[in-house]
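All remarks here apply to the structure that follows.
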Amino acid sequence: MPVMRVNGIQLHYEEAGEGEPVVMIQGTGAGRTVWQLHQVPALTAVGFRVITFDNRGIPPTSGWTAGFTLQDMVGDVAGLIEHLGIGPCRVVGTSLGAFVTQELALSRPDLVRQAVLIATRGRTDALRAAITRGEIELYDAEVELPVRYAAVVRALKSLSPRTLDNGAAMADWLDLFELSPAGGPGHRAQMELSTLDHRLEAYRGIQVPCQVIAFADDLITPPHLAREVADAIPGAEYELIEGCGHYGYLEDPTTVNKAMVEFLTGTAAN
């Protein structure tokens, strides 16, 4: 797997396919491999070159020892794009990765051709702030939850009632969550970044074509907050996908990938 020195860190990335480039950015605690089950095959199948990478603080990428900011993560992606010489390119981000993507589109429009913002928001409301602060306090207390219990909590937060009520599907999801590795040493710093400042007014200055994909049952970034981002960005497209929670791109990848590919290729039906 290639590695490059960028923005003061060693960043590990991976490429698949040939054609026009798409850079994909994962969310809090997640690595590049999450994209590779559904999204990378869908994008390479229609002729894109897809670059995935491990965010700052998620091994094997470095950059966690002194903590970091959202702008540090924006700088990492800008450095990656510049190093590969692929700007302006398409950029896709989910959750924290969407925060990075929209900030990159605002500050470095020369590097972004189109942006897909999955499960995003432009501010932190009272409930999301309380959830994040509680999770940080639990982390700092070094409380180790039973693995099965932690998997159940993750499922309740991240999946839709449609999936939660499906016994066979839930057995698979819970097994997956139990086996999923910890986010890495940078997870704590990434959690801090979930308390996003109010940025909606700033996002009115984004001139890059954007698509916002929201999930109807998302508890972490609920659709009304994603809709605010779409309303703030001039000309942004908004897609609400039913029957999905925060992990909608994994719960219903067919629908998500179709919407994303149609936007990136300009092939949506009129």
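The values are calculated or read from the model by the stated rules, or taken from the named source; none is laboratory data. All values derive from a computational prediction rather than experimental measurement. Cβ sites come from the backbone with ideal geometry, for glycine too, and all protein chains shown count toward neighbours. Quick note on the areas: whole protein, heavy atoms, side chains included, nothing else; ligands and nucleic acids left out. Shrake-Rupley method; radii C 1.70, N 1.55, O 1.52, S 1.80 Å.
Structure notes:
- No other residue among L84, L106 is within 27 Å of F263 (Cβ to Cβ), open to solvent by 10 Å² or more (accessible area, probe 1.4 Å), of a type outside the set (K, R) and touching a Phe, Trp or Tyr at 6+ places or on another chain (Cβ under 8 Å) apart from L106.
- Filtered residues of the range 69-81 (kept if more than 22 Å from V261 (Cβ to Cβ) and either among the aliphatic types (A, V, I, L, M) or open to solvent by 20 Å² or more (accessible area, probe 1.4 Å) (or both)): T69, L70, Q71, D72, M73, V74, G75, A78, L80
- For R188: the one exception among (1) surrounded by fewer than 19 Cβ atoms within 10 Å (Cβ to Cβ); (2) in contact (Cβ under 8 Å) with a residue 40 or more places away in the chain; (3) under 28 Å from V261 (Cα atoms): (3)
- Restricting the range 66-102 to residues that are among the β-branched types (V, I, T) and more than 23 Å from A230 (Cα to Cα) leaves a set whose member that is farthest from the chain's Cα centre (by Cα) is I86.
Rundown of residues vs (1) surrounded by 24 or more Cβ atoms within 10 Å (Cβ to Cβ); (2) in contact with a Lys or Arg (Cβ under 7 Å, 6 or more places away or on another chain); (3) modelled with pLDDT under 95, yes/no style:
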position	(1), (2), (3)
A42	no, no, no
G47	no, no, no
A66	no, no, yes
G93	yes, no, no
A98	yes, no, no
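- Selection within the range 39-60 - farther than 18 Å from H187 by Cβ and in contact with a helix residue (DSSP H, G or I) (Cβ under 6 Å, 6 or more places away or on another chain): A42, V46, V50, T52
- Residue satisfying condition, being part of a loop (DSSP other than H, G, I, E, B) and either aliphatic (A, V, I, L, M) or within 14 Å of R90 (Cα to Cα) (or both), within set I51, I58: I58
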